[in-house]
Structures are given as C-alpha cells and as structure tokens.
C-alpha cells in the first residue's frame with residue numbers, strides 16, 4: 001500500500017499516526033496518509049519567508065515557463081506519490097474512488113487544471129489588469145505612464161484548507177506559485193491526490209521544493225494553517241463563511257447559492273433556455289458553488305419545474321467508470337440521509353412541491369455509500385423554507401416571484417445569470433452588491449471565463465497596492 | 001519497553017486492591033464515618049454495601065457513577081462524616097456554561113501528587129529546584145497540586161493566570177484573534193518568570209502551552225533546555241504519540257525529560273514513563289492503584305473488559321477515604337495495556353476523546 005507522507009517544505013516526513021484513504025464503494029484501502037500535528041505546522045512556518053525567497057530567485061517569466069511544463073507533467077507523466085508512483089490513469093481512478101466523482105468528471109477536472117496552468121500568463125495578466133509581473137516580484141515598478149507603483153505581498157505563503165468533495169476548487173490555488181508565493185496545503189481527507197500530484201509536477205518542472213508544504217490531518221491542522229499563515233483560503237459550509245466574515249487574513253469559500261433569473265421580457269420563451277438551465281444544475285454532479293440551485297421567474301415556474309424534472313428526474317447512479325455517469329456518490333456515511341431528511345422536512349410546507357417525485361425515490365443507498373438523484377422543487381413564493389437551499393448534488397428550486405421583488409429576495413448569490421434585455425433591470429443587477437459574478441444574457445452559471453476573478457480577486461487578497469515614491473536609484 | 005509484571009506481582013497487587021476496596025466501601029457506607037450522599041443512595045440499593053462488596057469485581061453492584069451527581073449542592077453531602085472535622089477545598093471541572101462539577105478534597109491531592117512525585121526521576125526533576133506552573137488556574141486542582149508537588153520536592157512553584165473557561169468561550173465565538181492574544185498573554189507571563197533568574201528547572205504544562213512556549217523561545221533563539229528546564233510534567237489534555245515524538249525530537253532534545261500524565265479532578269494522576277523512539281513513542285498510563293483504577297471496556301458492553309491491545313472506552317474508579325467514585329465512564333477511549341513490573345496492573349495507551357463525544361466536545365483548549 002502506498003504511504004503518503006507529510007511534506008515539510010518538500011521534505012517527506014512520516015508521522016506515527018496515519019489515516020487510511022478508502023474506496024467509497026469497495027472499501028479497499030488505496031493509501032495510507034501521514035497525519036500531521038498542529039504544532040508541527042506552526043513550527044514549520046518559521047521557514048515561510050524562505051518559500052517566497054526561493055521562488056523570487058527565479059525570474060517570474062521563467063517560473064511561468066516551469067508552471068507550463070508542470071501542466072503537461074500533471075496530465076501526462078507518471079509522477080512520484082509517497083513511496084510509490086502514480087500514472088495519470090491511476091490518479092483518475094484514485095480520485096474517483098475516494099471522492100465519489102465519476103471518472104470522466106475527474107478527467108475533465110484534470111483538463112481544467114491543465115488549461116489554467118498552461119494559460120497562466122494570460123490569467124495573471126487579466127487578474128492584475130495588465131500589470132508587469134516583475135512588479136509583483138520586486139514589489140515596485142513604474143507604470144507605462146510613468147507613475148511609480150508598489151504591490152506589496154501581504155504574506156510569503158498562502159494557506160489552503162481544502163475540501164474533499166469538489167476537486168474543481170484546485171484551480172483557485174494554481175496561480176499562487178506563479179506569483180512567487182509559497183503554498184501551505186491541508187488536503188481534504190478524501191482528496192489528497194491533487195495537492196500531491198500537482199506538487200510533484202511543480203517540483204519535476206523545476207519549482208523549488210522548499211516552496212510547498214502539505215499537511216494532511218484533522219481539524220487542528222486546518223486551524224493551525226489558518227492561525228499561522230497571514231493569508232489563507234478555507235472551504236466549508238455557511239457556518240465557516242460566517243465565522244471568517246470580515247477577517248482580512250482568511251478568504252472563506254462556501255456554498256454559492258448560484259441562480260438563474262428569467263425576467264418578464266423573456267420568460268414566455270423559457271423552453272429556449274431549458275438546456276442552459278439543465279447544464280447549470282447538473283454539470284459536475286451539481287457539486288460546485290457555481291452550479292445553479294435556484295431558478296427565479298414571475299410566471300411559468302410550474303412548467304419550467306416540470307420540464308427540468310422530466311429531463312433530470314430519470315437520471316440514475318451509474319458505476320464511476322461509466323462514461324455516462326452523471327452522479328457523484330456521497331462517500332461520508334449518513335451524509336446523504338441527512339441531506340434528504342432536511343429536504344423532506346422542508347417539503348412539508350404547502351407551497352413547496354417535489355416535482356421529481358414521480359420519477360422514483362431520490363435517495364439511493366448502497367452498502368458503503370449513497371446517491372441523491374436530481375431533485376427539482378417548485379416553490380410558490382420566495383418565503384418557502386426550501387427556496388434558497390443548496391445541496392451537494394443536482395438540486396434546484398424553481399421559485400415564483402414577481403420580477404420587481406426578485407433582486408431583493410434572491411439573497412447572497414455567487415453566480416447570477418440574468419436573462420433579460422430590460423435596461424432598468426440590467427442596471428439594478430449590475431449595481432447589486434450581494435451578487436458576486438454577474439452573467440447578463442443566456443450564459444450557464446457553470447460557464448467560467450478564466451480571465452475573470454473568482455469570488456474575490458486572489459491578487460488583491462495577496463498583494464496590497466500602496467503609494468510608493470523614490471528619488472535616486474533603487475537597488476531592491 | 002518496560003519489563004512485564006510477574007504473576008506473583010499481579011496477584012499481590014490484586015489482593016491489595018481487593019482489601020482496599022473493602023476498607024473504602026465500608027468507610028463510605030458506615031453510618032458513623034460514611035458520606036451523606038452514599039448513605040442516602042444506599043437506601044435505593046438492593047444489596048448491602050457493608051456485606052456484599054468484598055473485592056474489586058463486586059463494585060459492579062453500584063452500576064456506573066454519574067458525574068452529573070457532582071453538579072450543584074449542597075457540596076457538603078460529599079464530605080464523609082469521619083473526616084468532617086478537617087478543612088476542605090472544593091475543586092471544579094467544566095463550567096464554561098452552567099453549573100460546574102464540584103469535588104471536595106482535603107488531603108487527596110497532596111497524597112496523589114506525593115505518589116506521583118515518586119515516579120519522577122531526580123536527575124531531571126532535581127530536589128530543591130523551583131517549578132513553573134504553566135497551566136489552568138482558578139478553581140481547579142492543578143494550581144494547588146503542582147504547588148504542593150514543588151514544595152514536597154523542596155522547591156517553590158511560580159504560577160501564571162489561565163482561565164480555560166474564557167478560552168472555551170473564545171473558541172465557541174470564533175474569536176481566534178482574541179484566542180491568540182490570550183495565549184500570547186499567558187506565554188508572556190511564563191517568559192517573564194523564566195527570565196527573572198529564579199533557577200527554575202521543572203515545569204508543569206499542557207501540550208498546547210508547551211508548544212507555544214517552545215515556539216516562543218525558539219523564535220528568540222532560545223529553547224526549553226537553554227532556559228534551564230530539565231523536567232516537564234505534562235498533562236491536562238490529550239497527548240498523541242506523534243505529538244510527543246515531535247516535541248521530544250524538535251523542541252526538547254536530549255537532556256530534557258517529559259513525563260506525560262493522564263487524570264482529572266475525579267481521580268489521582270495516572271503516570272507514564274517517558275516515551276521512547278524504541279517503543280514508537282507509545283504513551284502508556286498507569287493509575288495509582290489501589291487509590292484509583294483505570295479499566296478499558298468494550299464500547300458496546302461496559303461490563304466487559306477488552307483484551308490486551310484492544311481499544312475500548314476508559315472506565316475509572318476512585319477509591320479514597322475522601323471520595324468514592326465507582327465505575328465512572330470517562331469521556332475518553334484507549335487501548336488496554338499489560339501490567340508492568342513498575343505498575344503490576346492494567347494500563348491504558350493511545351488515550352483520545354471517546355469517539356461518540358469527539359465531534360461535539362471542545363477539547364484541548366489550554
């Protein structure tokens with residue numbers, strides 16, 4: 001069995017305590033992962049500055065070239081994994097086996113990561129609005145119009161407390177090394193694969209190993225990462241997001257509550273947007289924060305819900321290696337039961353109708369895992385308790401609401417696709433501060449433009465633009 | 001690996017325990033000397049504690065002690081009539097919200113810590129040397145107990161203030177900046193004491209505070225060893241083998257002894273020898289029998305002790321003239337360990353929060 005060690009700035013360290021990573025369906029132990037202790041993380045942070053220093057010794061353009069090479073190694077090479085080796089196909093099988101995500105979705109996520117790494121120059125150009133990247137490296141420079149600028153790194157490393165259930169989130173940390181900031185990763189218990197494989201790809205491509213640390217472990221390790229890294233990202237539920245709200249050191253990513261709004265000027269043509277709605281709900285098994293969990297309109301909502309149910313309701317769980325598999329398994333015992341019990345409780349409200357009910361039971365229990373089949377619920381008003389819920393499977397509410405009230409009623413929304421040509425409504429949505437990513441027009445919520453920031457600009461989070469003046473030569 | 005106990009040693013220890021059980025049960029249930037709480041409780045028993053309890057196994061007649069009995073007053077109902085003339089302390093445990101559990105004590109903490117003192121090697125805990133007590137203060141036993149330990153060994157104990165109830169509130173509120181500030185405040189106090197030339201060689205501390213102190217010292221180019229500490233008595237919260245290995249290898253180094261302990265206000269102090277690399281840093285605790293007994297019982301059947309090397313829930317019995325706690329189900333689990341020549345009775349290793357409580361309990365806060 002493969003043993004995956006802790007990586008202390010690239011140096012493997014075998015813990016006396018380990019956790020087993022098991023196949024969600026067969027129970028087969030796929031790897032044993034060393035479990036870090038919190039104080040080990042804290043002590044290692046005395047070398048955090050070295051992580052940035054070694055990266056800055058390499059010209060940033062060269063770092064970008066190495067990252068591009070790492071992209072190919074990540075997708076194509078057999079790379080070291082602890083005391084073993086891992087081919088790309090091994091990686092896909094292992095990731096699917098422990099996260100419950102079908103293999104073709106794991107392959108898709110791999111391609112997505114490859115795309116981001118390969119196009120890093122363009123992505124950073126967009127995220128920095130065309131800033132000369134040398135300015136991030138040096139901390140200062142002079143704009144083309146002759147004005148001195150300074151971007152000061154707020155931390156030599158970025159801490160990441162990663163989730164288990166959504167391999168898609170890894171794209172968020174891929175631009176960090178190219179910005180010459182070190183990485184401190186706490187992998188999700190069921191998804192150690194991407195952090196390790198990406199790290200090995202980086203190292204094989206010439207990124208100094210001292211720039212990356214990986215600390216698998218329990219909650220205390222995640223807490224240590226957040227405590228000891230001046231800047232961190234964490235993924236969790238609403239409670240996690242609330243806990244870190246307003247904390248400048250932590251960017252918390254939680255449920256997206258992403259939505260599609262069909263305005264009065266287009267809603268009579270709703271069948272034209274059915275594919276868009278289905279894709280937004282269903283792609284990646286509905287696991288992403290950018291998947292749509294609410295469709296809002298003032299009329300035709302019952303027909304929309306029925307059409308979505310007809311399309312999505314019959315979908316059944318298929319084996320993870322089946323290329324047609326569209327549903328990811330719930331691999332944590334009791335999680336699917338808990339989710340379904342929550343939904344059933346809300347469905348007791350007379351204004352909520354379970355539209356997929358006629359397509360059979362939604363909760364499918366297996367010996368070691370469970371599935372939830374796509375679920376469509378019609379809500380007669382935004383006040384229904386289920387109207388703004390989001391779950392980790394293809395779940396959507398279709399909410400009837402007068403157009404004038406939709407913007408206020410939808411609440412915090414990560415991605416909002418507003419389909420309308422009504423200028424006044426477009427203006428109102430453009431001005432709404434509770435919407436993060438705004439799509440105007442028929443754009444699926446899951447459609448990403450990699451040249452746009454995701455839920456807070458990572459460059460703004462890591463670098464502070466400040467006033468800077470100089471007189472005479474600056475040698476730094 | 002510690003030498004295993006001989007059959008004769010085990011038998012002698014068991015005989016001593018059985019005799020002790022008879023003495024303590026009679027004391028607490030005798031109308032002249034007994035504890036009001038137990039005398040009243042005995043009215044509901046279908047057995048006679050004075051006649052029917054003759055060995056340790058007979059304690060099953062009492063069922064399981066419920067720690068909720070210790071919440072609220074009058075606390076005097078726990079003072080045995082035979083010791084009513086003595087001065088009493090009350091120590092508390094829990095109490096972040098609601099009424100804490102209270103235990104009355106007269107001399108037990110002194111006796112327990114004197115017994116524990118015998119397990120400490122003089123080479124690393126030199127007699128007459130001074131101590132730093134870097135742990136929870138307030139209405140807890142530790143402050144007085146560690147101070148007594150220092151005095152018993154001929155030294156003086158320097159203390160800091162630490163209120164764990166406030167720490168738990170900070171964690172529950174998610175005020176992590178305040179938590180860090182409070183921890184820094186506690187470590188500041190320790191650093192001041194250590195820098196003041198008091199010739200401190202020994203220390204009580206908890207795992208988290210030891211981490212924080214060692215890290216602070218390291219950030220200033222110093223270390224536990226460089227400030228002169230040679231012996232650390234560590235306890236209060238869970239310690240894993242990985243944690244102690246990391247601490248020994250990276251923070252203490254050779255020349256500093258760490259004595260992990262397991263215990264709480266309801267019992268004395270279960271001691272362990274210093275874990276070693278040879279033994280994979282296993283921490284095996286042994287209760288101070290016959291005054292306290294630790295058993296590891298089946299998760300699904302608390303009447304059944306697990307086999308050696310197997311995991312189970314920790315069950316605790318305290319048998320002193322001041323306090324009788326039969327078969328209390330601890331909030332911990334662990335692995336049953338073989339008797340050793342030094343401690344010829346069962347021990348427990350790999351202690352961690354009981355799996356059914358682990359998700360809901362705030363542990364290891366100080």
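Only the coordinates and a few stated rules stand behind these numbers; no lab work does. Just so we're clear, the structure is a prediction, and the values are computed from it rather than from any experiment. Here Cβ is always computed from backbone atoms with ideal geometry, including for glycine, and neighbour counts include all displayed protein chains.
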Each residue of B:176-182 has, on average, a number of other protein chain C-beta atoms within 10 Å of its C-beta equal to 2
For the protein assembly as shown, percent of DSSP beta bridges that are antiparallel (nearest 5) comes out at 50 percent
Report, to the nearest 10°, how far helix A:103-118 tilts away from the longest principal axis of the Cα atoms in chain A, using its own Cα long axis and a range of 0 to 90°. 50 degrees
Between residue B:250 and residue B:181, what is the FRET efficiency for a Förster distance of 30 Å, r being their Cβ-Cβ separation, to the nearest 0.05? 0.75
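Any number yet on Rg/Rh for segment A:178-261, C-alpha, Kirkwood?
Numbers: Rg = 14.7 Å, Rh = 14.5 Å.
Radius of gyration relative to Kirkwood radius: 1.02.
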With contacts defined as alpha carbon pairs under 8 Å and 6 or more residues apart, what's the relative contact order of chain B in percent? 18 percent
Using 0.36 nm per residue, how much length does the chain from residue A:111 to residue A:424 gain when fully extended, once their Cα-Cα distance is taken away? 108.7 nm
For q values of 0.08, 0.10, 0.11 Å⁻¹, compute log₁₀ I(q)/I(0) with the Debye formula on a Cα-only model of the protein assembly as shown, without solvent. -0.84, -1.16, -1.28
Linear extension gain, residue A:321 paired with residue A:467, 0.36 nm per residue minus alpha-carbon span: 47.1 nm
Cα-based Rg and Dmax for segment A:258-440, where Dmax is the largest Cα-Cα distance (Å): 16.1, 54
Pairwise FRET efficiency - residue B:163 versus residue A:349, Cβ, R0 = 35 Å, nearest 0.05: 0.15
Rounded to 10°, Cα long-axis angle of helix B:7-29 versus longest principal axis of chain B: 70 degrees
Checking B:236, B:154, B:221 against a Gaussian network model of chain B (alpha-carbon springs below 10 Å), the top fluctuating residue turns out to be B:221
Taking the alpha-carbon centre of each part, the distance from segment A:260-278 to segment A:54-85 in Å is 44 Å
At R0 = 51 Å, how high is the FRET efficiency between residue B:89 and residue A:11 if r is their beta carbon distance? Nearest 0.05 is fine. 0.55
For the residue pair residue A:149 and residue B:4, what label-to-label distance in nm results when each label sits 7 Å from Cα along the Cα-to-beta-carbon direction? 7.3 nm
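Determine the gain in length on full extension of the stretch residue A:381-residue A:78; use 0.36 nm per residue of separation and subtract their C-alpha separation, reporting nm with one decimal.
Values: separation 303, 0.36 × 303 = 109.08 nm, distance 5.34 nm.
Length gained, residue A:381 through residue A:78: 103.7 nm.
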Descending Cα extents along the principal axes, segment B:1-137, whole Å: 52, 46, 30
Return one number: the angle in degrees, 0 to 90 and rounded to the nearest 10, between the long axis of the Cα atoms of helix B:141-152 and the longest principal axis of the Cα atoms of chain B. 80 degrees
Over all directions, how big on average is the projection of the convex hull of the alpha-carbon atoms in chain A, in square nanometres? 22.9 nm²
Estimated inter-spin distance, residue B:151 and residue A:302, nm [label 7 Å along Cα→Cβ]: 8.3 nm
Can you tell me the relative contact order of chain A? Whole percent, Cα pairs under 8 Å, sequence separation 6 or more. 17 percent
Cα point-scatterer Debye curve for segment B:7-358, base-10 log of I(q)/I(0) at q = 0.10 Å⁻¹: -0.64
With labels modelled as points extended 7 Å from the Cα through the Cβ direction, what inter-label distance (nm, one decimal) is found for residue A:49 paired with residue B:307? 5.6 nm
